[in-house]
Amino acid sequence: MKTLFSTFAAALLLLCSSCQPNDGWQKLFNEKDLTGFVQLNGQAPYRVEGGCIIGTSVKGQPNSFLATEAAYGDFILEFETWCDPAVNSGVQFRSESYPEYNNGRVHGYQCEMDPSDRAWSGGIYDEARRGWLVTLTDNAAGRAAYKKNDWNQYRIEAIGNNIRIWLNGVNTANLYDEETLSGFIAFQVHSIGNSDEKEGKEIKWRNIRIKTEDLQNSLMQGSLAPAVNRIPNSLCEAETADGWKLLFDGKTSNGWRGAHKEEFPKHGWTIADGQMIVHKSDGGESTNGGDIVTTDQYSAFELQIEFKITPGANSGIKYFVTESEKQKGSAFGLEYQLLDDSRHPDAKAYTTTPGSRTLASLYDMIKAENKRFNGVNQWNLATLKVYPDNRVEHWLNGFKTLEYVRGSEAFREAVKGSKYAAPAYNTAGPFGEAAAGHILLQDHGDEVAFRSIKIKELK
């Protein structure tokens with residue numbers, strides 16, 4: 001009787017388990033061997049131990065990637081990871097590798113694992129392409145989410161053009177982008193150069209699972225990080241709700257006119273392929289089509305502009321431009337310098353502050369530091385933050401390059417040490433201290449393209 005009951009119970013258990021609804025999750029890794037994966041680029045060793053994928057850092061190797069043979073478009077990926085605090089790692093997704101691109105170098109989105117004091121774990125880095133897309137500089141909760149010397153749980157939600165990353169239940173990234181909508185998933189062992197201290201360090205991944213159906217109903221609920229939108233000339237719903245406005249619609253010159261003019265320039269500028277392009281001419285200031293300015297004026301704001309400079313090019317983004325001066329050449333204003341530092345002679349020129357005419361500097365006044373430049377003929381992101389208390393910050397590709405306070409003693413000393421000390425720049429009041437002004441894109445006789453120009457007024 002006991003045997004009969006045991007047999008019946010086992011059969012009932014089997015029947016019930018077969019009736020359990022399928023929640024759609026599948027193992028990405030069989031926890032036994034590396035079937036379904038291929039190694040790309042570097043030769044750092046990977047092994048399977050205790051149900052974990054373990055990668056080990058090796059001197060003299062480029063970044064190594066253990067990539068899925070299959071490609072994934074829309075999905076939700078979950079995994080746990082442990083990373084030695086001495087090294088950096090990440091998980092690629094929607095990534096690619098083919099001979100025509102940089103000799104097969106892996107490129108695409110990377111979910112960051114950053115045990116350093118910078119604490120950008122859960123950010124998004126565009127490997128071998130555009131660099132940082134989402135940093136955690138302004139996400140205190142995200143920076144605090146990572147646990148050093150412990151296992152951390154990640155969740156990547158990639159659905160259409162929206163990518164969200166969750167780290168231990170905290171949303172660290174909320175990105176809108178369309179650069180790549182499908183590709184492989186890969187586990188990275190980062191290059192350590194020839195460092196003896198970093199050799200032999202381990203990165204581990206376990207409980208790796210993926211879901212590719214019923215994704216909208218499976219999204220994690222919780223407070224979202226500020227949206228980062230890298231889709232050209234667009235605003236997502238979150239940006240609109242947060243007060244952002246487009247200054248360039250990607251198609252027309254609406255909202256812009258020539259400096260000291262009533263209309264947009266008839267020549268010297270072209271709007272095409274979602275870009276506003278100033279043409280190459282003689283390299284002089286405002287001698288061809290001339291500068292262009294916004295029709296509106298702004299006082300406290302955050303401004304974002306993507307720009308692409310050609311080799312040897314010079315241009316600038318000016319702010320607090322009042323057009324009160326009556327003169328030829330470029331209109332007066334504080335300038336976020338745009339320059340090919342390696343080729344243009346202005347990079348070595350200055351009045352009293354060396355380096356103050358280089359990329360992302362406050363022109364001729366304050367030198368930019370900590371720059372991350374994607375290169376000429378590549379899109380770069382310039383960000384200007386002007387706060388109501390007159391604090392100003394210049395940012396380049398997610399990194400702050402300088403800060404100052406308009407009207408402060410230090411600012412006025414910088415003006416005195418620059419070309420702006422000349423009386424012509426101060427006839428309408430102290431240079432750079434206007435209460436409000438136009439945004440200006442400079443014609444300096446070199447070809448430069450602009451797009452994704454957006455602004456949020458601050459109060």
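Numbers at a glance
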read-out: Residue within segment 116-123 that is buried (at least 23 other Cβ atoms within 10 Å of the Cβ), on the phi < 0 side of the Ramachandran plot and out of contact with any Asp or Glu (no Cβ under 9 Å at 6 or more places or on another chain) present; value: no
read-out: Test set (1) surrounded by fewer than 20 Cβ atoms within 10 Å (Cβ to Cβ); (2) within 28 Å of the chain's Cα centre (by Cα); (3) of a type in the set (S, T, N, Q) - Ser324 fails condition number; value: (2)
read-out: Search result, residues across segment 429-449 that are of a type outside the set (Asp, Glu), surrounded by fewer than 22 Cβ atoms within 10 Å (Cβ to Cβ) and either within 16 Å of Val293 (Cβ to Cβ) or touching a strand residue (DSSP E or B) at 6+ places or on another chain (Cβ under 7 Å) (or both); value: Ala434, Ala436, Ala449
read-out: Given (1) part of a strand (DSSP E or B); (2) surrounded by fewer than 18 Cβ atoms within 10 Å (Cβ to Cβ), index of the condition Arg155 fails; value: (2)
read-out: Exclusive hit being surrounded by 14 or more Cβ atoms within 10 Å (Cβ to Cβ), farther than 19 Å from Trp395 by Cα and out of contact with any Asp or Glu (no Cβ under 8 Å at 6 or more places or on another chain), set Asp346, Asp341; value: Asp346
read-out: Meets criteria (closer than 20 Å to Phe93 by Cα, buried (at least 17 other Cβ atoms within 10 Å of the Cβ) and among the hydrophobic types (A, V, I, L, M, F, W, C)) for Ile192; value: no
read-out: Selected residue (only one of Gln26, Gln43 is over 21 Å from Thr180 (Cα atoms), of a type outside the set (Val, Ile, Thr) and part of a loop (DSSP other than H, G, I, E, B)); value: Gln43
read-out: Qualifying residue in segment 210-226 (condition: within 30 Å of Val58 (Cβ to Cβ), assigned to a strand (DSSP E or B) and not charged (D, E, K, R)); value: yes
read-out: Test set (1) outside any strand (DSSP E or B); (2) on the phi > 0 side of the Ramachandran plot - Asn207 fails condition number; value: (1)
read-out: The listed residue being closer than 30 Å to Ala145 by Cβ, assigned by TED's automatic domain parsing to the domain that holds Ala70 and under 28 Å from the mean Cα position of the chain (by Cα), out of Gln304, Gln216; value: Gln216
read-out: Filter result for Asn161 (modelled with pLDDT of 95 or more, touching a helix residue (DSSP H, G or I) at 6+ places or on another chain (Cβ under 9 Å), surrounded by fewer than 23 Cβ atoms within 10 Å (Cβ to Cβ) and farther than 24 Å from Gln39 by Cα); value: no
read-out: Flag if Glu80 is surrounded by fewer than 18 Cβ atoms within 10 Å (Cβ to Cβ) and assigned to a loop (DSSP other than H, G, I, E, B); value: no
read-out: Residues satisfying the stated conditions in segment 349-372, i.e. of a type in the set (A, V, I, L, M, F, W, C), crowded, with 20+ Cβ neighbours inside 10 Å and assigned to a loop (DSSP other than H, G, I, E, B); value: Leu359, Ala360, Met365, Ala368
read-out: Filtered residues of segment 100-120 (kept if over 21 Å from Ile159 (Cα atoms) and within 17 Å of the chain's Cα centre (by Cα)); value: Met113, Asp114, Arg118, Ala119, Trp120
read-out: Selected residue (only one of Asp364, Asp346 is farther than 23 Å from His438 by Cα, assigned by TED's automatic domain parsing to the domain that holds Ala449 and at pLDDT 95 or above); value: Asp346
read-out: Count - residues of segment 51-83 that are of a type in the set (Phe, Trp, Tyr) and more than 23 Å from the chain's Cα centre (by Cα); value: 2
read-out: Hey, Glu127 more than 19 Å from Thr81 (Cα to Cα) and touching a His at 6+ places or on another chain (Cβ under 8 Å) or not; value: yes
read-out: All positions within segment 388-425 that are touching a Lys or Arg at 6+ places or on another chain (Cβ under 8 Å) and aliphatic (A, V, I, L, M); value: Val392, Leu396, Leu402, Val405
read-out: Restricting segment 97-114 to residues that are touching a Phe, Trp or Tyr at 6+ places or on another chain (Cβ under 7 Å) and either among the hydroxyl-bearing types (Ser, Thr, Tyr) or at negative phi (or both), the residue that is surrounded by the fewest Cβ atoms within 10 Å (Cβ to Cβ); value: Asp114
read-out: Matching residues, segment 254-280, being touching a residue at least 24 places away in the same chain (Cβ under 8 Å) and over 19 Å from His444 (Cα atoms); value: Gly255, Gly274
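The values are calculated or read from the model by the stated rules, or taken from the named source; none is laboratory data. Values in this document were obtained by computation on a predicted structure and should not be read as measured data. Note: ideal-geometry Cβ built from the backbone for every residue, glycine included; neighbour counts use all protein chains shown.
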